[in-house]
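S.K.: First the structure, which I've put down as structure tokens, then a few questions once you've had a look.
FYI, it's all coordinate maths here, none of it is from the lab. These numbers come from a predicted model, not from an experiment. Every residue, glycine as well, gets a Cβ built from its backbone with ideal geometry; the counts of neighbours run over all protein chains shown.
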Amino acid sequence: MPAWQADELVILAGLDWQPTDAVIEAMEHGVAVPIRITTRSLRTRAGLRWVERDRNHRHEVRYLPMLRSYQIVDTKTGEQRNYPRLHMLLDSLRQPRPWGTGLTRDDLEQASFRVEIRGQLDLTRLPSPMRMPVWFDPAWRAISPWRGWDAAELPVDD
């Protein structure tokens, strides 16, 4: 759901991710699993849409065997959160949080927009020996469909 945070339009959303057994096994063997949340701003005119800007929010999920806990790291800010169980980490991902779109009120006054969001495993950021095999492995196909809102549906004020 879109909302205003200061002067930026954000999308409040959680990520409902259920890692497969192959992904969990990779984490337990020391692989940091990269997750990418993408927000997209599409300019619209006369039924046509074109991408104005994409913003990627990147995280890594890893298992820490010495601590027997799971960790999620925001790769941009370095913020780390630890959880004693995987289900607790997954529950925290489901909680809505703001994902920046880069759009301001001025942008919405000047043109019509649609904002969209989706989450996926970022296979391009896996360790290089794993990249090729996982591209063809259905156990690593974790991508959500785009979820979006047109400008007419966006909130007017805080």
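S.K.: Calculated from DSSP H runs of 4 or more alone, at -39500 (n - 2.57) each and per residue, what is the 222 nm mean residue ellipticity of the chain, nearest 500?
M.R.: Calculated mean residue ellipticity at 222 nm is -5000 deg cm²/dmol.
S.K.: Now a separate question. Counting Lys and Arg as +1 and Asp and Glu as -1, what is the net charge of the other residues whose Cβ lies under 15 Å from the Cβ of Gly102? If you can, show how the numbers build up before the last one.
M.R.: Working: positive: Arg40, Arg43, Arg53, Arg55, Lys76, Arg105, Arg114; negative: Asp7, Glu8, Glu52, Asp54, Asp106, Asp107, Glu116.
That works out to 0.
S.K.: Here's a follow-up. The stretch 50-75 to the stretch 132-148: how many Å between their Cα centroids?
M.R.: Taking the Cα centre of each part, the stretch 50-75 and the stretch 132-148 sit 16 Å apart.
S.K.: Which residue, Val61, Pro133, Leu15, has the largest displacement toward the positive end of the dipole of the chain when charges sit on each Cβ (Lys, Arg +1; Asp, Glu -1)?
M.R.: Pro133
S.K.: Just subtract the alpha-carbon distance of Asp16 and Glu153 from 0.36 nm times their residue separation and send over the number in nm, one decimal.
M.R.: Separation in residues times 0.36 nm, less the Cα-Cα distance, equals 47.0 nm.
S.K.: Now, a different point. Taking the Cβ of Glu79 as the centre, find all other residues whose Cβ is under 15 Å away and add up their charges (Lys, Arg: +1; Asp, Glu: -1).
M.R.: +3
S.K.: Quick one: if the Förster radius is 30 Å, what FRET efficiency do Glu79 and Leu48 give, using the C-beta to C-beta distance and rounding to 0.05?
M.R.: Working: r = 38 Å, r/R0 = 1.28.
Result of the calculation: an efficiency of 0.20.
S.K.: Another question, then. If you plug each phi of the stretch 128-142 into the Karplus form 6.51 cos²θ - 1.76 cosθ + 1.60 with θ = phi - 60°, what whole-Hz ³J(HN,Hα) values come out, in order, with x for Gly and Pro?
M.R.: 3, x, 8, 4, 4, x, 6, 4, 10, 9, x, 5, 10, 8, 10
S.K.: What residues have an amide H closer than 5 Å to that of Ala13, excluding those fewer than 5 places away on the same chain, when H is modeled at 1.01 Å from N in the peptide plane?
M.R.: Arg97, Trp99
S.K.: Any idea what the relative contact order of the stretch 2-142 is, in percent, if you count C-alpha pairs under 8 Å spaced at least 6 apart?
M.R.: So the answer I get is 34 percent.
S.K.: Could you check which residue among Arg68, Arg58, Arg36 shows the biggest mean-square fluctuation in a GNM of the chain with a 10 Å Cα cutoff?
M.R.: Arg68
S.K.: Then there's this: Magnitude of the Cβ-charge dipole of the stretch 2-142, K/R +1 and D/E -1, about the Cα centre, nearest 20 debye?
M.R.: Here the stretch 2-142 has a charge dipole of around 180 debye.
S.K.: Now for a different question. If you plug each phi of the stretch 28-38 into the Karplus form 6.51 cos²θ - 1.76 cosθ + 1.60 with θ = phi - 60°, what whole-Hz ³J(HN,Hα) values come out, in order, with x for Gly and Pro?
M.R.: Listing the rounded values in order: 5, 9, x, 8, 7, 8, x, 10, 10, 9, 10 Hz.
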